[in-house]
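Read through the structure below, which is laid out as structure tokens, and then see the notes.
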Amino acid sequence: MKNTMIAVVTALAVGAAVTAYAENVRSPYGATQPVYPGAMSEVVGKTNAQAESNVASLSALSAEWDQAAFGTPSKPNQFRVYGRNGYVTDGPGYNAMVSLIRSAVNDTREGNDHDAATKIAKARNLLAASNHRALPPI
């Protein structure tokens, strides 16, 4: 899982860089130029900034996920799923985090930046809630 997440994050970073380059290069056979020269660069800059932000957030989430190192549950409704460094969750919580991460990767790849950012935040919150060492004593 660790290598898969690293490969996914790397592929997204490379894809974002290639997309940014492709959007900045003008084809002589492409559409007509915008009314004023800065029109296209303003839109492209905003889109790429959000995509780069999502790639960075996914990279950070991947690092946290690797630090947690949860074992894959043997049953979907398993009562406890243990990880390293004080991380503990249950089967549905594990499945929710995995589903959110995969969906965020797909949304980032497809350019749904707002949806991806929302899912990354939800996954980070679930992961933080499963870190029992970080919780204050009662």
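All of the numbers you see were taken from the coordinates with simple rules; none came from a lab. This structure is a prediction, so every number in the text was calculated from the model and none was measured. Positions of Cβ are backbone-derived with ideal geometry, glycine not excepted, and every protein chain shown enters the neighbour counts.
Side notes on the structure shown:
- Computed lengthening from Asn77 to Ala129, 0.36 nm per intervening residue step minus Cα-Cα distance: 16.9 nm
- Annotation for Gln67 and Gln50: the two label points, set 7 Å from Cα along the Cα-Cβ direction, are 2.8 nm apart.
- Restricting the calculation to Cα atoms, every distinct pair contributes to the Kirkwood radius of region 75-131, found to be 11.8 Å.
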